[in-house]
Amino acid sequence: MPNRSPNAKDWDLRLQKRKMSGQQAFSYVEKCLESYKHVFNPDILRDKVVFITGGGSGICFTITEVFLRHQCDAVIVGRNVERLRKSADTLMKATGRRCLYYQVDVRKPQDILNAIDETLKVYGRIDYLINGAAGNFLCPLESMSYNAFKTVIEIDTLGTFNTSKAMYERYFKNNGGVIINITATLHYRGQALQAHVGSAKAAIETLTRHMAVEWGPDRIRVMCVAPGPIADTEGMRRLAGGVLPEALTQGIPIQRIGERVEIGNVCLFLVTSMAELLTGTVVVADGGSWLASSNDFAQRSKLFTSVSNSSRSKL
Ligand code: NAP
Ligand code: COA
């Protein structure tokens with residue numbers, strides 16, 4: 001039996017955590033912004049179409065909203081069709097634009113191809129692809145199962161490849177387009193308890209450069225947006241129990257975490273003609289967080305234990 005760290009039994013709460021995460025993710029109903037201030041022309045995306053993986057929830061729900069508020073039409077895809085339906089309905093009511101939804105597991109290329117074909121039948125075009133589908137949980141390498149690591153790589157990295165390649169084959173190759181891959185900053189410093197996601201996002205940032213080089217001549221720009229901690233998201237609920245402790249917030253140069261709408265606005269900028277010189281690059285949108293915040297394994301372990309304990313009390 002290998003030596004185990006003093007905290008090892010805390011890591012074995014993973015099954016309880018998984019159960020809790022599933023319950024939260026599937027019962028949460030998304031809400032639109034109470035108000036939105038247009039900086040760009042509100043018409044700037046009129047009659048364009050955006051296809052967003054993971055658009056049924058969290059950051060990608062709000063990216064979708066920002067695009068719709070600029071007269072785009074949208075398609076959101078994910079596995080939970082009931083949540084997608086509710087989210088599409090909410091988005092259409094709030095913005096007056098069209099939002100289709102399809103059940104897609106980004107690990108299954110045929111699901112993606114079917115959704116793209118259906119989208120093209122309805123809208124006749126797709127201008128932007130946003131790869132936001134992802135999976136995450138806190139876990140030290142020591143107790144991460146082989147399948148846990150593989151699962152995150154399959155959703156994040158292979159999911160991004162599968163969706164981008166399907167989009168290229170079906171439409172972008174002949175029509176051009178913009179691809180935005182949502183990554184993170186976890187891999188820049190080897191964030192504790194995040195080896196699986198850090199590895200997956202690092203691969204996506206590398207893939208982005210390859211796609212930008214090979215597909216640039218086809219008038220396709222490919223970029224990443226790397227958010228830091230973003231309020232009111234599943235990511236924050238899983239990684240910090242929902243609210244970042246004040247001591248950690250104070251470590252962020254801008255003294256606060258980000259808002260979902262700020263990531264939506266960055267993505268909006270990247271698809272406009274103002275960003276036509278940008279491709280193969282990563283826009284880090286984190287208020288300087290990764291440069292300055294602590295990455296101490298012992299401290300992160302305490303956070304993990306407290307998140308696990310609060311999860312257990314909700315079971
Ligand atoms: P979220 O609401 O849980 O978004 C993840 C989405 O991915 C969900 O809508 C989920 O929908 C979808 N998804 C998961 N597995 C899928 C699969 N196999 N096939 C298709 N869709 C799948 O979490 P979030 O916190 O807003 O995160 C959104 C993105 O931002 C992620 O890429 C995340 O890594 C990144 N990010 C978040 C933060 C943060 O602070 N929250 C920080 C940095 C980066 P279904 O369950 O319906 O499939
Ligand atoms: N800690 C450690 N391991 C975990 C875990 C956790 N909290 N949650 C899942 N796993 C492991 C499982 O035990 C399993 O490994 P095993 O077969 O060796 O036991 C493996 O990961 C796959 O889990 P499974 O539940 O079958 O995968 P899934 O494909 O149904 O779900 C997840 C994928 C695990 C990423 C799930 O959390 C999810 O759907 N996430 C989407 C939402 C999300 O993560 N949002 C945040 C984005 S930042």
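The values are calculated or read from the model by the stated rules, or taken from the named source; none is laboratory data. Owing to the predicted nature of the structure, the values given are computational and were not obtained by experimental measurement. Note that each Cβ is placed from the backbone with ideal geometry, even for glycine, and that neighbours are counted across all protein chains shown. Calculation scope for accessible area: heavy atoms of the full protein, side chains included, ligands and nucleic acids excluded. Shrake-Rupley method; radii C 1.70, N 1.55, O 1.52, S 1.80 Å.
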Long-range alpha-carbon pairs in the range 144-229, meaning those over 22 Å apart, account in percent for 30 percent
Projected onto their principal axes, the Cα atoms of the range 25-171 stretch, largest extent first, over whole-Å spans of 50, 36, 28
For the chain, using Cα atoms only, the Rg and Dmax in Å read 19.1, 63
Taking Cα pairs under 8 Å and at least six residues apart, what relative contact order does the chain come out at, in percent?
18 percent
Gap in Å between the Cα centre of the range 130-196 and the Cα centre of the range 219-261?
17 Å
Could you work out the local net charge near VAL197, counting Lys and Arg as +1, Asp and Glu as -1, over the other residues with Cβ closer than 11 Å to its Cβ?
+1
Please identify the helices of the chain, taking whole runs of DSSP H, that span at least 24 Å along their own axis as judged from the Cα atoms and have a mean Kyte-Doolittle score of -1.0 or higher.
195-215, 297-314
Amide proton proximity set for VAL283, modelled H, under 5 Å, gap of 5+:
CYS224, VAL225, ALA226
Excluding THR183 itself, what net charge comes from residues whose Cβ is under 10 Å from its Cβ, given Lys and Arg +1 and Asp and Glu -1?
-1
With the other protein chains left in place, how much accessible area per residue, in square angstrom, belongs to the chain at a 1.4 angstrom probe?
47 Å²
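Sort HIS38, HIS187, HIS196 by accessible area with a 1.4 Å probe, largest first.
HIS38, HIS187, HIS196
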The correct ranking of ARG98, ARG107 by accessible area at 1.4 Å, largest first, is ARG98, ARG107
For the range 208-299, build the convex hull from the C-alpha positions and give me its volume per residue in Å³.
119 Å³
Give me the percent relative contact order of the range 45-84, please, defined on Cα pairs under 8 angstrom at least 6 residues apart.
49 percent
Shape descriptors of the range 172-220 over alpha-carbon atoms, Rg and Dmax in angstrom, are 13.5, 43
Counting only protein heavy atoms and using a 1.4 Å probe, what share of the accessible area of the chain belongs to carbon plus sulfur, as a whole percent?
54 percent
